[in-house]
Amino acid sequence: MFQPPLPQLPPEDAVLTDGVLRSSRFGDIYFSTDGGLAETQHVFINGTRLSDRLATGEPLIIAETGFGTGLNFLAVCAEVLRTNSKSKIDYISVEGCPPSKEVVAQALSGFSELVDLCNDLLQQWPRRWLGVHHLSFLNGQIDLHLHYGQAEQVLPTLDFSADIWFMDGFSPAKNPDLWSGQICQQIARLSAHQASLATFTVAAAVRTALAQAGFTVQKAAGFGRKRDMLTASYDKGFAHAKAVSPCSVLVIGGGIAGCAVAGSLQALGAEVTILDAADQPGAGASGNPAGIVVPFLTVGDMISSRLSISCLADTRKFLDAYQLILSDGVVSLDHDDRKTSRQKKLAEQGFPADLAVYKDAAELSALTGLPLSRSGLYFETGAVICPQKFAQHLAASVPRLYSAKLVSVSGQAGDWLAQCEDGRRFTADHLVFCSGADLPSLLQLVNQDLGPYQVTSGQLSDLPSTTSLAPSRIALNYSGYLTPVIEGRQYLGAGFDPTGDTAVTAAGHLHNLELMPSELRDLAGDPAAWRGRTSRRLAYPDRLPLAGPLMPGVSVVSALGARGLTLASLIGKSVARQITGHVPPLPYQIMSGLNPQRFFEKKL
Ligand SMILES: Cc1cc2nc3c(=O)[nH]c(=O)nc-3n(C[C@H](O)[C@H](O)[C@H](O)COP(=O)(O)OP(=O)(O)OC[C@H]3O[C@@H](n4cnc5c(N)ncnc54)[C@H](O)[C@@H]3O)c2cc1C
Ligand SMILES: C[S@@+](CC[C@H](N)C(=O)[O-])C[C@H]1O[C@@H](n2cnc3c(N)ncnc32)[C@H](O)[C@@H]1O
């Protein structure tokens, strides 16, 4: 089936001249020359009566079209500080053509009252990659979900109930796509009962579209030279449950998946404990001494590609923040005709250079320090990491209990009793199954069966640093992978053995050698001198992870396949936020693609 390619963001078009930020494409300015911050305060902050909402201390969802430089967002942060509000805020914004960090820094430099907040935003300014970027402000009080993409494409993939809408954009005459009836219908769908909306325009078409979508629209005094602006309230919709109470959660499995979800749950106020069957950390696949973080891009617009790009953005941010990168960059070699053709098509899609660029064999040889005869894709933001250290940082202060193999579960959502093999018992409101390849047996404890699955084992070969592969500077990915030397050892992975057997064998080493590009095999030395580690991975037929609710009171994060190191962090965060009633950063469209019950839903 033909899949259209993943859309790419248009080239940057924001230009700062004489202190005024303009879009060359739309021929309009970003904010008023009469005072951008004062305009934001008048139109959006006062127009939606934000301070009244902040005074309640209730959680708030604020949504926006056109993030631009983030001035409206910064004004919200400043208002939270000014009012000393305790409200926890999810700020969800869509931006189709993000300006560069440098341009934003210059454009916002005049607002001295925002300098600290602005520096915080600039420090976290996302890479220009399609998808969601999840940032945190004011010690976690404000979560920014910044969706890069065209609003008309992004909004239909989201699901939340906003209390407040900032309808921003260039003037409707110059930027009609952002003010269409379709956009207003989406805004209504994504609004809570009695949501407040404000916008600077009073264009008749916008008033009509908002009214047709169910808003009650009013004119109010405009800012500066503008006589009028609009405020609106949504009297339809449902009042959504506001109380997000911290709950007690048992996370079963302390690999990368369990640590990702547990760390996020704890940050959201839940009382979390990790139970792991093994007697020490890193028993499962996440215990490998090294692994690569790399995107999985597809030629067509597929969930796996979108998921992978957003997850890589989030994971790389975390790895950089905690200095967990052992080696920067990953090269994906054209190791056979099929992959060559696929990678060339990928390159033609014009991904941003810091995500994926195509390079010839000479360039790759110079980059990697190895004599390569193949071209391939270079992922600058890919990396080699130690999975166990990553897992440790994701759940740094979560209690983890070992030799705690879960063997029975009774009770119901809000009142589970979980028993371990050694007789220890635990109670919890919610369970999260993160037991990697052992998920199917855990599912039986709650009478669930998700249908056919595959467990494969893979052996990581551990080479001394004395072989002729040691000069390698960057990880290579082909049908297996090779890392540079990491703390005196070099790692070669890994086949997919359908027997699921976990013995380390000479045949496993030979298989890893055979997977290598032929020009490198002779450099690898004698496999008899290699050590190894074998572990298992789980996959379901569509090769997508399982993430989300399994049944009331039980969620799953598992089946991360061969990409767990890239995927776990953002998926774990999204499931933790689902469990505690917050908006997950990953779009609803992606989360439903990962829903553990998806195989049954399709059959209906
Ligand atoms: C050889 C090999 C190489 C790989 N290389 C890479 C790579 O380079 N990059 C990448 O992104 N991914 C790689 N992967 C995949 C990646 O390792 C996995 O996706 C990831 O580690 C899975 O994490 P997890 O937390 O789901 O499972 P695991 O790390 O396997 O953790 C599951 C945990 O659950 C515990 N458990 C099981 N049953 C119970 C129970 N009943 N009660 C309590 N605890 C239980 C286990 O003890 C274990 O600690 C590789 C996988 C293999 C096998
Ligand atoms: C007037 S500016 C927004 C100003 C912004 N709120 C700020 O604080 O800088 C309008 C923004 O809307 C974005 N935009 C225009 N059309 C869009 C669309 N169809 N989807 C998403 N964003 C769009 C532009 O790229 C631009 O950044």
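Observations on the structure shown:
- Reference-scaled alpha-carbon Rg (2.2 N^0.38 Å with N residues) for region 15-58: 1.57
- Report note on the peptides 494-501, 69-76, 563-570: ranked by the mean count of other C-beta atoms within 10 Å, highest first, their order is 563-570, 69-76, 494-501.
- Per principal axis, descending, Cα span of region 475-550 in whole Å: 47, 26, 25
- Förster radius 25 Å - calculated FRET efficiency between residue 55 and residue 159 (Cβ-Cβ, nearest 0.05): 0.35
- Straight-line cross-link reach from residue 405 at under 16 Å between alpha-carbon atoms covers these aspartates and glutamates, not counting any fewer than eight positions away in the same chain: 276, 279, 421, 422, 438.
- Between region 551-590 and region 256-325, the alpha-carbon center distance in angstrom: 10
- Of the DSSP H helices in the chain, those whose Cα atoms cover at least 24 Å axially and whose Kyte score averages 0.5 or more: none
- Separation of region 196-229 and region 479-519, taken as the distance between their Cα centroids, equals 62 angstrom.
- Nonlocal amide H pairs with residue 500, under 5 Å, H built at 1.01 Å: 457
- Cβ-based exposure ranking for 311, 77, 247, in which fewest neighbours within 10 Å come first: 247, 77, 311
- Greater than 23 Å apart at Cα, pairs in 101/317; 174/219; 88/389: 88/389
- Dipole magnitude for region 438-550: about 220 debye, using +1 per Lys or Arg Cβ and -1 per Asp or Glu Cβ, origin at the Cα centre.
- Whether region 164-203 is rounded, prolate or oblate, judged on the alpha carbon gyration tensor where a/c under 1.5 counts as rounded: oblate
- Relative to its residue count, region 300-403 spans a Cα convex hull of 154 Å³ per residue.
- Relative exposure of 386, 118, judged by other C-beta atoms within 10 Å (fewest first): 386, 118
- Table column - 3J(HN,Hα) (Hz), region 448-464, Karplus curve with 6.51, -1.76, 1.60, x for Gly and Pro: 10, 8, 9, x, x, 8, 9, 10, 10, 9, x, 9, 9, 8, 10, 9, x
- You can think of it this way: the chain between residue 228 and residue 279 has 11.6 nm of extra reach, that is 0.36 nm per residue less the Cα-Cα gap.
- Reference-scaled alpha-carbon Rg (2.2 N^0.38 Å with N residues) for region 14-234: 0.93
- Remark: 522, 28 ranked as 522, 28, counting other beta-carbon atoms within 10 Å and listing the fewest first.
- Taking every alpha-carbon pair in region 426-519 and binning the separations at 5 Å intervals from zero gives 2, 11, 18, 17, 13, 11, 9, 8, 7, 3, 1, 0 percent.
- Helix-only mean residue ellipticity at 222 nm for the chain, each DSSP H run of n ≥ 4 adding -39500 (n - 2.57), per residue, nearest 500: -8000 deg cm²/dmol
- For q = 0.07, 0.08, 0.11 Å⁻¹, Debye-computed log10 I/I(0) when each Cα of the chain counts as one equal scatterer: -0.46, -0.60, -1.08
Values in this text are rule-based calculations from the coordinates and carry no lab data. All values reported here derive from a predicted model rather than from experimental measurement. Neighbour counts run over all protein chains shown; Cβ positions are idealised from the backbone, glycine included.
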